[in-house]
Amino acid sequence: MSWYEEHGADQDVVISTRVRFARNIKGYKFPHLLNNTKTAELTNEVVTAVQRLDPKSFHLVELNSMNLIDKQSLAERHLISPQLINSKQNKSLLINKNEDLSVLILDEDHLRIQAIKAGFSPDQAFKQAKNLAVALESVLEIACDQEFGYLTACPTNVGTGLRISALLHVPGLEHLNQLKYMIESLRRSGFTVRGYYGEGSSEQGQMLQISNQITLGKTDQDLVNQFKTILSVFIKQEREARKNWYENEQIKLQDKIYRSKAILSNAYLIGHEEAFNCLSDIRLGRALGFAGFPDYTDILTLIYLIGVGSIQKKEGQIINSEQRDIARAKLIKNYFADVTNNKE
């Protein structure tokens, strides 16, 4: 079972939580300065180390050997950044079966150790990523300075090398025009707010990412505790915004949500953006307790299946825009029919 098929705390607002550690190995330049020989040497060293620690859990994916569709699918599941899809450099990904723990080799740093969990699960994600990071330090010579901490390519990662983030669904705050004030407050508190796909992306389906910005001068646990405090406030504010929206505009809100459900249940042709936005409305309907709506896990699975790369991967071939829209509509319509039949 993949992580996105599981339930997590506060899943009405928090879609997922991710913890990532940036690490570099002594004796090697940063990735963008490595030649092909050193790139292959470092990749082999990391793969050997991971397999030595856990010979069965991880499989290796070499991004340069993948086709465009497969790389797009990885990005749509937040396993790599969209910027890596067209990268010509030799990068690799070690990933476990559940896709909740991975090691990205030779991105901005030599290693990006990532754990991702459903819902608001900072402690669980931190423990999983930290355990692998510590284990790798026992078999690899990691670059670390006594004064500055872990040395990284980007100065904002120097220190613990820890980035903790959450993907949030915030339709209430957006509708009541409170989101911009919350974002300003977060940035003043040292947090970064990005779009659905992270750095360089825009908000999509009322979903955004929040992460810590600075790691220097704080311990891992300091960062986790601060993140939990800030996000708890954000979750509370979003729930209150939804409550106010529903109390003041009940008919309009119900109409908006059920229209989206009708579109997804009946469309013969639907683009990715429209489908994504409709699924955002369906997710809100689920959170408000509307009867006959899919579970959060099913909605997220659908979101991951309808992307440009993922829908082509499911079809098993490269298809044009209209063909994708037809395949996407059919996939969603069949799913909603199955949900209705199962509930009868």
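The values are calculated or read from the model by the stated rules, or taken from the named source; none is laboratory data. Just so it is clear, the model here is predicted, and its values are computed rather than measured. As a convention, Cβ positions derive from the backbone with ideal geometry for all residues, glycine included, and neighbour counts pool all protein chains shown.
Examine the stretch 139-158 for a residue that is without any contact (Cβ under 8 Å) to a residue 12 or more places away in the chain, polar (S, T, N, Q) and either under 30 Å from LYS252 (Cα atoms) or assigned by TED's automatic domain parsing to the domain that holds ARG283 (or both), and state whether such a residue exists.
no
Pairs under 7 Å by beta carbon, first residue farther than 15 Å from LEU132 by Cβ in the stretch 41-60, partner in a helix (DSSP H, G or I), six or more apart or different chains?
So the pair list comes out as LEU60/VAL47.
What helices (runs of 4 or more DSSP H), lying completely within the stretch 270-344, carry at least 2 residues that are of a type in the set (Ser, Thr, Tyr) and under 19 Å from LEU168 (Cα atoms)? I'd like the intermediate steps shown before the answer.
Working: elements: 272-287, 296-305, 308-315, 321-343.
Those helices (runs of 4 or more DSSP H) span 296-305.
Taking the criterion of being over 28 Å from VAL170 (Cα atoms) and buried (at least 17 other Cβ atoms within 10 Å of the Cβ), would at least one residue in the stretch 48-55 satisfy it?
Yes: the stretch 48-55 contains one or more residues that are over 28 Å from VAL170 (Cα atoms) and buried (at least 17 other Cβ atoms within 10 Å of the Cβ).
Residues that are within 15 Å of ASP281 (Cα to Cα): find the helices (runs of 4 or more DSSP H) completely inside the stretch 158-257 holding 3 or more of those.
Details: elements: 171-175, 179-188, 220-248.
The helices (runs of 4 or more DSSP H) meeting that bar are 171-175, 220-248.
Please work out if ASN44 is out of contact with any helix residue (DSSP H, G or I) (no Cβ under 9 Å at 6 or more places or on another chain), modelled with pLDDT under 95 and exposed (fewer than 15 other Cβ atoms within 10 Å of the Cβ).
Numbers: out of contact with any helix residue (DSSP H, G or I) (no Cβ under 9 Å at 6 or more places or on another chain): yes; modelled with pLDDT under 95: no; exposed (fewer than 15 other Cβ atoms within 10 Å of the Cβ): yes.
No, not satisfied.
Sort out which residues of the stretch 28-41 are among the aliphatic types (A, V, I, L, M) and crowded, with 18+ Cβ neighbours inside 10 Å, and write them in order of number.
Answer for the stretch 28-41, where residues must be among the aliphatic types (A, V, I, L, M) and crowded, with 18+ Cβ neighbours inside 10 Å: just LEU34.
Within the stretch 19-75, can you find the residues that are closer than 27 Å to CYS144 by Cα and among the polar types (S, T, N, Q)?
If the condition is that a residue be closer than 27 Å to CYS144 by Cα and among the polar types (S, T, N, Q), then ASN24, ASN35, ASN36, THR37, THR39, THR43, ASN44, THR48, GLN51 are the ones that fit.
Checking the condition buried (at least 19 other Cβ atoms within 10 Å of the Cβ) and of a type in the set (A, V, I, L, M), which residue from LEU288, LEU269, LEU253 passes?
LEU253
Just checking, how many residues over the stretch 121-175 are among the aromatic types (Phe, Trp, Tyr) and at pLDDT 95 or above?
1
Of the residues GLU99, GLU108, which single one is charged (D, E, K, R), at pLDDT below 95 and surrounded by fewer than 20 Cβ atoms within 10 Å (Cβ to Cβ)?
None of the others qualify; the one that does is GLU108.
For the stretch 64-89, name all the residues that are within 20 Å of LEU136 (Cβ to Cβ) and either surrounded by 20 or more Cβ atoms within 10 Å (Cβ to Cβ) or over 20 Å from the mean Cα position of the chain (by Cα) (or both).
Within the stretch 64-89, ILE80 is the sole residue that qualifies.
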